[in-house]
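Structure, as structure tokens:
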Amino acid sequence: MPRILVVDDDAAIVKLISVILSRAGHEVRTSNHPVEALDMLKVFTPDLIISDVVMPYMTGLEFLEKVRDHDHLSAMPFILLSSHAERSDVRRGMNLGADDYLPKPFTPADLTTAVDARMRRSGLNVQADSGTQAKALGTAQVFWQRQQVSWVSRKALELFFYLLEHKEVTSWEAAEALWPEKDESRASSLFHTTLHRLRKSLNNEAVVSQNRKYALADDLKPDYDVQRYELLAGQAEQGSLGFEELKELVSQYGTFLPGADSPWVDDVRARLEQTQMSLLGVSAQAAITAGKPKEAAQFYQRALSIDPMSEQDWQGLTAALESMNDPRARLAAQREAWWTVDFD
């Protein structure tokens, strides 16, 4: 899946571009600060950068210059966003190595056409590889050949994600995981029926078997949001992600396969919950280091919404609120949750 970095200090524009390009099948990361975007590029290499021209701290043209100073980014496709009043800067941007510019305001079609053109010239296609996407965080969706899969049964969808999580399993392992309340004979029968429905929903070669073990076919190569989330979480633990990347990463978390109630699903949810708790702690510390106690407090509150017994997060929340002279510091110190109130 082609990855795009969007840099603009206008939060509304960033949100608009992110929604348009995500729906078009791109992985989008965003930053509202060009200096932070440069830090992000130290650990993240996109396939395309879109940047506004007029921004505080550093203009888009200055940002472009600094991007081009790095050898591994010297040929990075780069699109400038420019209002009509800024067109005098366009020529300079092209001289600095910008590949295209998009005037504001623009339509969704204008944006996707410009991005697709750059991708084609770079030899990239939307939904690279097999075009299979598996989304399980806060949803339960699979896209194959750029189309959302219409599942014959809910259990067929669950079996797909079980195979995705466990790589290779025996029929009994899958049957016991998805139908723990059934006896061996009935569970085995349900497995084979559901396997047939999974193949019917995708294709007959979607699941392969060898030595009495079953696995998703190699040529599916799904882009799995859980796998990407956990990979980036590992980088966050090592201190490799910038603050904006951390904010985006914690926002990706959601209930794993909502609506499913098998024990194996509960195990994955517990694993991801612990990962999110750790990420929120890392993000809170990064916010404190950046002098942003309000955002640190938000991270601590989110952690306590997951685990209200986390003493470390109560202490962090209390300290962050006290540093802002926020009257809710007293409530936090008394371990009182007021989660119906959002931070303004």
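Details
- By the helix-only formula, in which each DSSP H run with n ≥ 4 contributes -39500 (n - 2.57) and the sum is divided by residues, the chain has a 222 nm mean residue ellipticity of -15500 deg cm²/dmol.
- Highest average packing first - 288-298, 274-284, Cβ atoms within 10 Å: 274-284, 288-298
- Projecting the Cα atoms of S189, L216, S323 onto the charge dipole of the chain (Cβ charges, centred on the Cα centre) puts S189 farthest toward the positive pole.
- In this structure the chain gives 50 Å² per residue of accessible area when probed at 1.4 Å with all protein chains present.
- Across region 168-261, the volume of the C-alpha convex hull divided among the residues equals 143 Å³ per residue.
- Separation between Cα centres of region 200-248 and region 257-329, rounded to whole Å: 25 Å
- Neighbour-limited loop hits for GluC sites (Glu not before Pro), region 157-213 (at most 15 other Cβ within 10 Å; DSSP other than H, G, I, E, B): E168, E181, E205
- W338 accessible area, assembled protein chains, probe 1.4 Å, Å²: 20 Å²
- Within the straight-line cut-off of under 26 Å between alpha carbons, the lysines reachable from K247 are K15, K42, K66, K135, K292, K294, sequence neighbours fewer than 8 places apart in one chain being disregarded.
- Kirkwood radius and radius of gyration were both taken over the C-alpha atoms of region 234-344, and their ratio Rg/Rh is 1.00.
- Test item: Cα-centred dipole of region 1-118, Lys/Arg +1 and Asp/Glu -1 on Cβ, debye: 180 debye
- About the Cα centre, charge dipole magnitude for the chain (Lys/Arg +1, Asp/Glu -1 at Cβ), debye: 900 debye
- Beta bridges per DSSP with both ends in the chain, % antiparallel, nearest 5: 40 percent
- Relative to the longest principal axis of the Cα atoms of the chain, the long axis of helix 11-23 makes an angle of roughly 40 degrees.
- Helix 108-121 vs. the chain, principal-axis angle (Cα, 0 to 90°, nearest 10): 80 degrees
- Accessible carbon and sulfur surface of the chain relative to its total accessible area, %, 1.4 Å: 47 percent
- Candidate residues K200, K155: accessible-area rank, largest first, probe 1.4 Å: K200, K155
The values are calculated or read from the model by the stated rules, or taken from the named source; none is laboratory data. Being a predicted model, the structure only gives us computed values, none of them experimental. No Cβ is skipped: glycine too gets one built from the backbone with ideal geometry, and neighbour counts run over all protein chains shown. In case anyone asks, the SASA skips ligands and DNA or RNA and just uses the protein heavy atoms, side chains included. Shrake-Rupley method; radii C 1.70, N 1.55, O 1.52, S 1.80 Å.
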